[in-house]
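So the structure is just underneath, and the comments pick up after that.
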Amino acid sequence: MAKKHTAQCACGAVKFEFNTDPTFIAVCHCLDCKKASGGEAATFFGVPEDDFTLISGEPKVLHYTAQSGKGLDRNFCPNCGARVFTSNLESFPEMVFVTIGSLDNPEGIKPVLEMFTKRRLDWAKPLDLPRFENMPS
Ligand SMILES: [Zn+2]
Ligand SMILES: [Zn+2]
């Protein structure tokens with residue numbers, strides 16, 4: 001039986017699933033998120049590694065050192081190039097970071113905070129949520 005939350009890349013070659021309901025869902029305007037996603041911000045959350053199951057595909061893993069100086073692995077679909085999840089995070093051990101766009105059913109999963117607002121572009125409206133200039137401490 002599939003887990004509660006299912007997700008996939010754009011072409012469907014890479015699929016993964018997990019049961020944990022996302023709680024710490026952040027909209028992040030930092031430069032890494034802008035560059036990695038190609039958008040103004042990225043909306044993501046953490047899933048415990050032991051609940052995260054890759055069910056199909058072989059993501060291509062690229063190691064990257066973030067602006068914070070901490071390492072992480074970006075996992076891409078080798079067919080369509082979509083970034084599907086981020087693993088091996090030095091700053092969040094035993095967590096896999098998932099972006100909201102990869103979910104099959106993102107309805108009801110809403111951000112709870114906004115961070116790195118110092119880098120929010122001026123056309124992007126502030127959300128009615130707790131906001132942090134940088135990383136929430
Ligand atoms: Zn794909
Ligand atoms: Zn970010």
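The values are calculated or read from the model by the stated rules, or taken from the named source; none is laboratory data. Note that the coordinates shown come from a computational prediction; the quantities given were computed from them, not determined experimentally. Because the Cβ atoms are built from the backbone with ideal geometry, glycine has one as well, and the counts that use them run over all protein chains shown. Each accessible area value is taken on the protein alone, full model and side chains, heavy atoms only, with ligands, DNA and RNA left out. Shrake-Rupley method; radii C 1.70, N 1.55, O 1.52, S 1.80 Å.
When ligands, DNA and RNA are left out and all protein chains stay put, how many square angstrom of accessible area per residue does region 88-137 have with a 1.4 Å probe? Intermediate results must be reported in sequence, preceding the final value.
On the way: 3510 Å² over 50 residues.
That works out to 70 Å² per residue.
Dipole orientation for the chain: of the candidates Thr23, Phe76, Asn105, Phe76 has the Cα lying most toward the positive pole (charges on Cβ; Lys, Arg +1; Asp, Glu -1).
Just order 75-81, 110-116 by mean Cβ neighbour count inside 10 Å, highest at the front, would you? Please report the intermediate quantities before stating the final value.
Working: 75-81: 16.6, 110-116: 18.7.
Top of the packing list down: 110-116, 75-81.
As a quick test, which of the pairs Lys34/Lys60; Lys34/Lys70; Lys34/Lys125; Lys70/Lys125; Lys3/Lys110 have an alpha carbon distance above 24 angstrom in this structure? Table pairs above 24 Å Cα-Cα are Lys70/Lys125. Taking the Cα of Glu107, stepping 7 Å toward and past its beta carbon, and measuring to each backbone N in region 6-33: which are under 17 Å? Inside the label zone: 6-7. Counting Cα-Cα pairs of the chain in 10 Å increments starting at 0 gives whole-percent bin shares of 12, 44, 36, 9, 0. The label point for Asp51 and the one for His63, both projected 7 Å from the Cα toward the Cβ, are 2.9 nm apart. Per the Kirkwood formula applied to alpha carbons, region 1-44 shows a radius of gyration over Rh ratio, Rg over Rh, of 1.06. Along the Cα-to-C-beta direction of Leu31, a point sits 7 Å from the Cα; which residues of region 47-84 have their amide N less than 18 Å from that point? Only 64-72 fall inside the zone, counting backbone N under 18 Å.
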